[in-house]
1. For the ranges 53-63, 261-271, what's the packing order if you count other beta-carbon atoms within 10 Å of each residue, average per peptide, and put the highest first?
2. Remind me, relative contact order of the range 64-163 in percent, using alpha carbon pairs under 8 angstrom and six or more residues apart?
3. Go ahead and estimate [θ] at 222 nm for the chain from helices alone: -39,500 (n - 2.57) per DSSP H run with n ≥ 4, summed, over the residue count, rounded to 500.
4. Over the chain, what is the mean sequence separation of C-alpha contacts under 8 Å (at least six apart), divided by residue count, expressed as relative contact order in percent?
5. Quick one: among A407, A361, A203, which has the greatest mean-square fluctuation in a GNM of the chain with alpha-carbon springs under 10 angstrom?
6. Could you work out how far apart the two model spin labels at R289 and L65 are, taking each label as a point 7 Å from the Cα in the direction of the beta carbon, and quote it in nm?
7. I'd like the distance between the alpha-carbon centres of the range 17-33 and the range 330-354, rounded to an integer number of Å.
8. Using each residue's phi in the range 36-49, evaluate 6.51 cos²θ - 1.76 cosθ + 1.60 at θ = phi - 60° and report the 3J(HN,Hα) Karplus result to the nearest Hz, with x for Gly and Pro.
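Any read-out appearing in this document is the output of simple, stated calculations on the displayed coordinates, not a laboratory observation. As the structure is a computational prediction, the values presented were derived from the model and not from experiment. Counting neighbours? That spans all protein chains shown, and the Cβs are built from the backbone with ideal geometry, glycine included.
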Amino acid sequence: MSANENNYQARQQRLENAIALRQPDRVPVVPLMTHYYATRSLGISNRDSQYDIAKRCGALKETVLRYDFDGAMDPQAVFPGKILEIMGLTHLKWPGGVLRDDEPFQFSGGETLKASEYDEFLADPNGCTARKLWPQMSTALAPLGQIPLPPLFWVSGDYDLIYMLPGILSAPPMLDLLKKLVAAAEEFQRYAATAGKHMAEMAGLGYPMLFGGVTLTAFDWVGDFFRNMRGVLMDMRRNPEKLLATIELLIPATIQKGIIGAKMAGCDRVFIPLHWGGGGFMSNDMYARFYWPSLKALLLGLVDAGITPIPLFEGDYTPRLEFLAELPKGKVAGHFDIVDRKKAREILGDTMCFWGNVPAALLATGTPQQVKDDVRELMDLFGDTGGLIVDGSDGIPDEARPENVAAMVEAVREYGVY
């Protein structure tokens, strides 16, 4: 076995041991994901990071090798600009689109499903998505909302395949849509080939992939893509039963999305960004009714499928720690943004790996010694659990000082050997 193969196995085992609360040889240090830090630190614009996948992969490789992290960063954390452009995504803004070359991409969301349309979605989720939601999310898919689609494809016969389907697709707006879809597919092939080659190269150099799929919890799916923040939070008061029915309907899809992504990538860890579950959005009573059941079902569904969920608990998750204590021991790797560390140690120390949470502000504006002191605090609190992975609060912030990232890694090497 070569040195790189040995290093790959050592890093993979280190991650697996920490997640399972089995004491590794030392604490792993690895960013769960990064947006523009790698490219910005090398003078590459945010625009190039989104439009030139080869440049992005090269920067990620150089960054991983420079700091010798315990895993490789996925290049797909930043969306491919050309595909965004072809599809005309209406809820995303990106550098090279309407934003300056040095600005980060932004997700603005939108109310694609009105409160009065819950029944329509619940009765026919696939048809409603194709006819109503997608045309609002993508200018390329707008023709789907303009051309009358037959409501019951399953009663179609051979004659319909001769006349109906070709007739629908022959309309000029549909022909334009098909051309854009082909262009997007061809661009995706180029993008995926480069990204896949990069991940294979990093594995060959001894760095395992951190996660192989991405999914969302059902509440966030509704809040992000259907109702927007204002709509979903109002629905908790005005349309609670319709909201709960929609969440229940989406749970199996959220689980399958994670499983499919993991299988396609050949990695049994799945990343789950959690957008609306933090303490600032709802009370614990509301969380228990609207958020936690679908999140718990998602996490347990992935665990049952042999997959390790990596939820990113965005915002302050201190009020939710008691809920997380219900999860099975050593099966979930919780990446924390903001949390009372002492309470997390007390409540979750024998249940869940603690991933994070060196503050982004400290990495961007602090001193190397302050970063080291913060890492030492993490070691003192979680070192005896065996379940600690050090990272920034949301990965490495775009504006992090390289000397501070280096200090985070050095502190782990200095304090984190068992």
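1. With the highest mean Cβ count within 10 Å placed first, the list reads 53-63, 261-271.
2. Taking the mean separation of contacting Cα pairs over the length of the range 64-163, I get 21 percent.
3. -15000 deg cm²/dmol
4. 22 percent
5. Residue with maximal mean-square fluctuation among A407, A361, A203: A361.
6. Between R289 and L65, the label points sit 5.6 nm apart.
7. 13 Å
8. Here the 3J(HN,Hα) series is 10, 4, 4, 6, 4, 5, 9, x, 8, 5, 4, 4, 5, 4 Hz.
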